[in-house]
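Following: one structure in structure tokens, then a few remarks.
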Amino acid sequence: MLHHRNDPSEAYRRVDFDARVRGADSRQLVDLCLEQVIGSVGRAIHAYERQDNAAKSAALTRAVAALTALQMGVDGSNPTAQALTQLYQSARSAILDCVTRFNGPKLMEIRQDFTEIREAMLRSIAA
């Protein structure tokens, strides 16, 4: 099995991510972070099922990094700031707990929640 550092798909994902970050405005960065949480949690679940601990760990680390970026980017003057901060911190704590005690159903719940948030955000932009 390839280590995640030598995984061509991981290298491609990294280059794609870096390019998208460079050209993004704040709304696009939020969308990108939400996409990273959703995708990384999905990859962690899949890696756990394959018993690929290195890939699982890398995916959980990416999800935590994306949540940290989202949390750091919360505008304190926004009326939803406190709720967003609490949501991001709760998801981050749950994902960190999965490093030592994997909880697939909890991760699937987090993934679904963030998918719904992202879809709602994209709908509001399109409206």
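Separation of segment 40-66 and segment 73-104, taken as the distance between their Cα centroids, equals 17 angstrom. Note on PHE102 and GLU35: the model spin-label points, each 7 Å out from Cα along the C-beta direction, lie 2.7 nm apart.
If you wrap a convex hull around the Cα atoms of segment 19-127, how much volume per residue is inside, in Å³? Taking the convex hull of the Cα positions in segment 19-127, it is 105 Å³ per residue.
Treating r as the C-beta distance of ARG50 and ASP113 and R0 as 22 Å, the FRET efficiency rounds to 0.35. Remark: the Cα gyration tensor places segment 65-127 in the oblate category, a/c being 1.5 or greater and a/b not exceeding b/c.
Every read-out reported here was derived from the displayed coordinates using simple, explicitly stated rules and does not represent laboratory data. Source: prediction; values computed, not measured. Quick reminder, even Gly has a Cβ in these numbers, built from the backbone with ideal geometry, and neighbours come from all protein chains shown.
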